[in-house]
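The next block holds one structure in the form of structure tokens; read it before the comments.
The values are calculated or read from the model by the stated rules, or taken from the named source; none is laboratory data. Computed from a predicted structure; not experimentally measured. Cβ: placed from backbone, ideal geometry, glycine included. Neighbour counts: every protein chain shown. Ligands, DNA and RNA are stripped out before the accessible areas are found, and what is left, the full protein with its side chains, is counted by its heavy atoms. Shrake-Rupley method; radii C 1.70, N 1.55, O 1.52, S 1.80 Å.
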Amino acid sequence: MEDPIPLLIPRYMPTRMLEDKPRVWLGAGNCNLLQKTKDSIDELSFWTWSDLLVALKHYQDSPRTATSSGILEKCLDSLVGRLAMASEVTPCASTSSPDSSGLRISFNTRSTQSSKNGLFRATWWFEDLSALNPNLIEMLVKSMVSRGYNHVIVSGFLFYYQKSKFYTASSDEKREVLEIVIDMLYTLDPSSISCKSLFGVLRPVLRSNISKSCRNKLESMIGSQLDQATIDNLLIPSYGRSYLYDVNLVLRFLKAFLRDGGSELSLIQMKKVASLIDLYITEVAPDRCLKSSKFSALVMVLPDSSRDSWDELYHAMDIYLEVHTGLSEVEKMEICGGLNYKKLSSEACMHLSQNTKFPSTSAVQALISQQWKLKNLLEGMHNAKHYTDFTAKEDRGREQVVVYNEKLRAQLQGMQWRVMELEKLCKKMQTQMAKIMKAKVLTHSNARPLPRLCS
């Protein structure tokens, strides 16, 4: 293998220097590698990249001897130092989010070719070091982090290392690799870790017997980035359980999102997660094995302020109640207890008032909500009319005010028309309330995509 960094042993080094300090080759033919390495430890800076790799691979099989002599630490220290020089890495952790590939290298380049060269310069060593065992990888990463190595590149290497062992390692080796990778990722800046790549690690974790501590760390890292996840990421099969999707896992993600984010969570993040969870609830609603307590927990876990509309949740509840026909009235009330009727659209309230799958009290609440909206609209129109009359008396002689009043009257006429329409709708709802137990369920006016379980 050619040396990727030609500056490791300068070709311009004087012959006399090489003769005074003979270079020790660490090839396979060396019968006393440990002793010769000890004798030449001061010449470590003259070793090639290949020499260091051979030494590390040899000593990883006898770590106690190598550790006691300090060879491993010095080899790793030299290795990390050369990586920093070769990759021209700025000694600080990245504070920006990586892209979906799990690795994003930032260079000031102006062409695609130069970007590719920059990427290779930062990641060419991934394949070489993937041959090391998990314990050496842990030592390597700790050394890189202590030197301020770019966390984006470190996380990219850890994901690469985990994938490289996926098809070749035994079950026990895979478990050890996963635990080391998760432990090391947990020490990095969260913004340097790709959410997509974390879900890639989660899949084998669910099928392996890793420690509970590592599992909790991984769930915490995913939960803290839940606003970057997709619906496909969350639709994780429930291995070994009766229901189809792992709802408990998603609930733990949500709790980690709320716990780790705390007061620093922005309203935009909350709304993104709420929109994602609404889609998820719609997808899991047709599962006949999903308990009502789990469904209710999904509905109630996020605060009401994270949603501007509850139409999607009402749609999910409608699907769940249609599939789970054997629920008691108490269970139905528990499911619908968190529904915010004031955030339902007029169409959703109209549908709910005729929906016999829901408790009768829900239809009453929907009607009360519509009446409340109508009352607020009428009060708004009344206040606007008083303001118009006052303005007309004060500014009657001004032409600009006359024009303004004409526009305002036109707006009031539109509001009055809307009030009339709402009054008709209210009367119609009151008439239908008397027949609610006999009415047939109407379909949604707006077509919605069916959950995947219904397809």
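Residue by residue, here is whether (1) closer than 25 Å to Y243 by Cβ; (2) of a type in the set (D, E, K, R); (3) touching a residue at least 60 places away in the same chain (Cβ under 8 Å); (4) part of a helix (DSSP H, G or I) holds:
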position: T325; (1), (2), (3), (4): yes, no, no, no
position: I335; (1), (2), (3), (4): yes, no, no, yes
position: M350; (1), (2), (3), (4): no, no, yes, yes
position: T361; (1), (2), (3), (4): no, no, no, yes
task = Could you list all residues from segment 207-216 that are buried (at least 17 other Cβ atoms within 10 Å of the Cβ) and either touching a strand residue (DSSP E or B) at 6+ places or on another chain (Cβ under 6 Å) or in a helix (DSSP H, G or I) (or both)?
result = C214, R215
Long-range neighbours under 9 Å by Cβ, at least six apart or interchain, first residue under 16 Å from A55 (Cα atoms) within segment 124-149, second among the small types (G, A, S) and not in a helix (DSSP H, G or I) = I137/S130
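Would segment 152-165 turn up any residue that is loosely packed, with under 14 Cβ neighbours inside 10 Å and out of contact with any Asp or Glu (no Cβ under 9 Å at 6 or more places or on another chain)? Before the answer, list the steps.
As a first pass, look at segment 152-165 and keep what is loosely packed, with under 14 Cβ neighbours inside 10 Å: none.
Looking for residues that are loosely packed, with under 14 Cβ neighbours inside 10 Å and out of contact with any Asp or Glu (no Cβ under 9 Å at 6 or more places or on another chain), one finds none in segment 152-165, hence no.
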note = Sole miss for Y149 among (1) surrounded by fewer than 21 Cβ atoms within 10 Å (Cβ to Cβ); (2) touching a Leu at 6+ places or on another chain (Cβ under 8 Å); (3) of a type in the set (S, T, Y) is condition (1)
key: Selection count where residues are small (G, A, S), farther than 13 Å from P134 by Cα and in a helix (DSSP H, G or I), scope segment 158-205   = 5
ask   = Looking at segment 256-292, which of the residues that are over 17 Å from C195 (Cβ atoms) and charged (D, E, K, R) is most open to solvent (accessible area, probe 1.4 Å)?
value = R288
